[in-house]
Amino acid sequence: QVQLVESGGGLVQPGGSLRLSCAASGSISRINSMGWYRQTPGKQRELVASIAATEQTNYANSVKGRFTISRDNAKNTVFLEMSSLKLEDTAVYFCFVWSSFQNYWGQGTQVTVSS
């Protein structure tokens, strides 16, 4: 069984920064992709950023230049550095891990951007 534990969400003012972390543990072997999705009420979950085992990254157009994804393979952890946050970045952020042809999800962490 694989568990993903997220941390780092919270309330921030527009223009501020937050750092999300997601640590995977349990019966997990080689991790391929890791990343983050986000979801707001009434909308589909959307990909925010992902990072492959090759360190190749992929970002949603709406966050390019503001968010940075990275991973620590030794700790099976993925990070999302978010800066210049906007009101529209408010959402529940879910991390995911793709490993052994299975996708695992975190429980979600709330990010609220508000003045």
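The values are calculated or read from the model by the stated rules, or taken from the named source; none is laboratory data. Just so you know, these numbers come straight off a predicted model, no measurement behind them. Note: ideal-geometry Cβ built from the backbone for every residue, glycine included; neighbour counts use all protein chains shown. Quick note on the areas: whole protein, heavy atoms, side chains included, nothing else; ligands and nucleic acids left out. Shrake-Rupley method; radii C 1.70, N 1.55, O 1.52, S 1.80 Å.
Scanning segment 84-114 for residues that are open to solvent by 40 Å² or more (accessible area, probe 1.4 Å), modelled with pLDDT under 95 and more than 15 Å from the chain's Cα centre (by Cα), which turns out nearest to residue 15 (Cα to Cα)? Among residues in segment 84-114 that are open to solvent by 40 Å² or more (accessible area, probe 1.4 Å), modelled with pLDDT under 95 and more than 15 Å from the chain's Cα centre (by Cα), the one nearest to residue 15 (Cα to Cα) is 102.
For segment 53-100, the set of residues classified as of a type in the set (A, V, I, L, M) and in contact with a Lys or Arg (Cβ under 8 Å, 6 or more places away or on another chain) consists of 53, 78, 80, 82, 85, 91, 92, listed by residue number. Scanning segment 84-115 for residues that are over 30 Å from residue 29 (Cα atoms) and part of a loop (DSSP other than H, G, I, E, B) yields 84, 85, 86, 90, 114, 115.
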